[in-house]
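The values are calculated or read from the model by the stated rules, or taken from the named source; none is laboratory data. Note that the structure is a prediction, hence the values are computed from the model and not measured. Note that each Cβ is placed from the backbone with ideal geometry, even for glycine, and that neighbours are counted across all protein chains shown. Areas reflect the complete protein model, heavy atoms only, side chains present, ligands, DNA and RNA absent. Shrake-Rupley method; radii C 1.70, N 1.55, O 1.52, S 1.80 Å.
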Amino acid sequence: MILSVMVASLLSSSPCTLVGRVELRRDGKTIEAGRQVALYVEKVSPKGYQGKAPALHSILQTGMQFKPGVLVVQKGDTVVFTNEDKDEHSVFSKDALPLLDFPKSRKGETGRHTFEFTGAARIQCDIHDWMRADILVVENPFFTLTESNGTFRIRDLPAGADYTLVGWEPNGNETRVAVKGCSGETTVAVVVLDEGKPRKMRRKLGGVYPVYQN
């Protein structure tokens, strides 16, 4: 569903910056601050970002967790996975294309993967069933993650166009907001996003772990 919102814009021909705040809800109630939500803009003309080189990102396995736990990358970007723990870990995803499945490792770089699709990928360790990271792969570089207080800022959009801003949370729920005539600093009304039901974590060789993971 696309929600039309009123925006306040400083009229200018300068690139557009979208600013706003996300309110994440569970069963109709606002939930704790600090839960990161991704914001990205759909269907931006390639003329607005031609020449951007693929980026290199990092996810660590440290303290028996993936860090960061949520990451947004552009299609064609590469993520390096590194084990900083003394314990053995694995890294795999049943969502990523091509297949993401690295050998078990104890210390140092486990592997690197270039994401050539758009969509979400759940990253797991098959040794420790609670370890999870969520990667969202988007088409263009106009994306961000919320700050701890839910605020966000997406810079340097081509001015004067209409856009669809998408909010995404790691359990898979999305909401869309229509932004008309984006120009200068454009404030978007509060983006309300309902948290999705956590899906069961899947084992690498089939089946699921017995509990839901938040």
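Tell me which cysteines of the chain come out unpaired when the rule is another cysteine's Cβ under 4.7 Å.
So far as the 4.7 Å Cβ criterion goes, 125 stand without a partner in the chain.
Taking the Cβ of residue 204 as the center, what net charge do the other residues with Cβ under 10 Å away carry, scoring Lys and Arg +1 and Asp and Glu -1? Walk me through the numbers on the way to the answer.
Numbers: positive: 94, 202, 203; negative: 101, 126.
Net local charge, residue 204 excluded: +1.
As an exercise, use a Förster radius of 22 Å and the Cβ-Cβ distance of residue 101 and residue 62 to find the FRET efficiency, rounded to the nearest 0.05.
Step by step, r from the Cβ atoms, then E = 0.60.
Using the Kirkwood radius built from alpha carbon pairs, what does the Stokes-Einstein equation give as D for the chain at 37 °C and 0.692 mPa s, in µm² per second?
On the way: Rh = 18.3 Å.
D, rounded to a whole number, is 179 µm²/s.
Along Cα→Cβ, 7 Å out, is where each label goes; now give me the distance between the ones at residue 190 and residue 203 in nm to one decimal.
4.4 nm
Using Cα pairs closer than 8 Å and at least 6 residues apart in sequence, work out the relative contact order for the chain, in percent. Walk me through the numbers before you get to the answer.
Details: 548 pairs, mean separation 71.9, N = 214.
With pairs under 8 Å counted, the relative contact order is 34 percent.
Can you tell me the length gained on complete extension of the stretch residue 174 to residue 21, counting 0.36 nm per residue apart and subtracting the Cα distance? Provide the component values of the computation, followed by the final result.
Numbers: separation 153, 0.36 × 153 = 55.08 nm, distance 1.48 nm.
Length gained, residue 174 through residue 21: 53.6 nm.
Among the GluC sites (Glu not before Pro) in the range 83-133, which ones are in a DSSP loop with at most 16 other Cβ atoms within 10 Å of the Cβ? Mind listing them? Walk me through the numbers before you get to the answer.
Values: sites: 84, 88, 109, 116; in loops: 84, 88, 116.
In loop regions of the range 83-133 (DSSP not H, G, I, E or B), the sparsely surrounded GluC sites (Glu not before Pro) are 84, 88, 116.
From Cα coordinates alone, what are the radius of gyration and Dmax values for the range 89-214 in angstrom?
Rg and Dmax of the range 89-214, Cα atoms, are 17.7, 51 Å.
What fraction of the DSSP beta bridges in the chain is antiparallel, stated in percent and rounded to the nearest 5? Kindly include the intermediate steps, with their values, before the conclusion.
Numbers: 46 of 67 bridges.
The antiparallel proportion sits near 70 percent.
How many angstrom lie between the C-alpha centres of the range 15-56 and the range 166-202?
Spelled out, the Cα-based centre of one part sits 7 Å from the other.
Taking θ as phi - 60°, what are the ³J(HN,Hα) couplings along the range 148-154 by the Karplus curve (6.51, -1.76, 1.60), each to the nearest whole Hz, with x for Gly and Pro?
Those phi angles translate into 4, 9, x, 7, 8, 8, 10 Hz.
What's the longest bit of the chain with no exposed chymotrypsin sites (Phe, Trp or Tyr not before Pro), using DSSP loop states and at most 16 other Cβ atoms within 10 Å as the test? Walk me through the numbers on the way to the answer.
Values: sites that count: 49, 117, 130.
Between exposed loop sites, the widest span is 131-214.
Taking the chain as a Gaussian network, where each spring joins two C-alpha atoms under 10 Å apart, which residue of 41, 191, 19 fluctuates the most?
Looking only at 41, 191, 19, the largest GNM fluctuation is found for 19.
Rounded to the nearest 10 Å², what accessible area does residue 162 have for a 1.4 Å probe in the complete protein model?
100 Å²
What Kirkwood hydrodynamic radius, in Å, does the range 128-175 give when the mean of 1/r is taken over all pairs of distinct Cα atoms and then inverted?
Numbers: mean 1/r = 0.0753 Å⁻¹.
About 13.3 Å, per the Kirkwood formula over Cα pairs.
Once neighbouring chains are kept in place and the probe is 1.4 Å, which whole percent of the accessible area of the range 55-172 is contributed by carbon and sulfur? The partial results should precede the final answer.
Working: 2350 of 4910 Å².
Result for the range 55-172: 48 percent of the exposed heavy-atom area is carbon or sulfur.
How fast does the range 26-123 diffuse by Stokes-Einstein, in µm²/s, taking the Kirkwood radius from C-alpha pairs at 37 °C and 0.692 mPa s? If you can, show how the numbers build up before the last one.
Values: Rh = 15.5 Å.
After rounding, the answer is 212 µm²/s.
Select from 89, 170, 46 the residue farthest towards the positive end of the dipole of the chain; place +1 on Cβ of Lys and Arg, -1 on Cβ of Asp and Glu, and compute about the Cα centre.
Of the candidates, 89 comes out farthest on the positive side.
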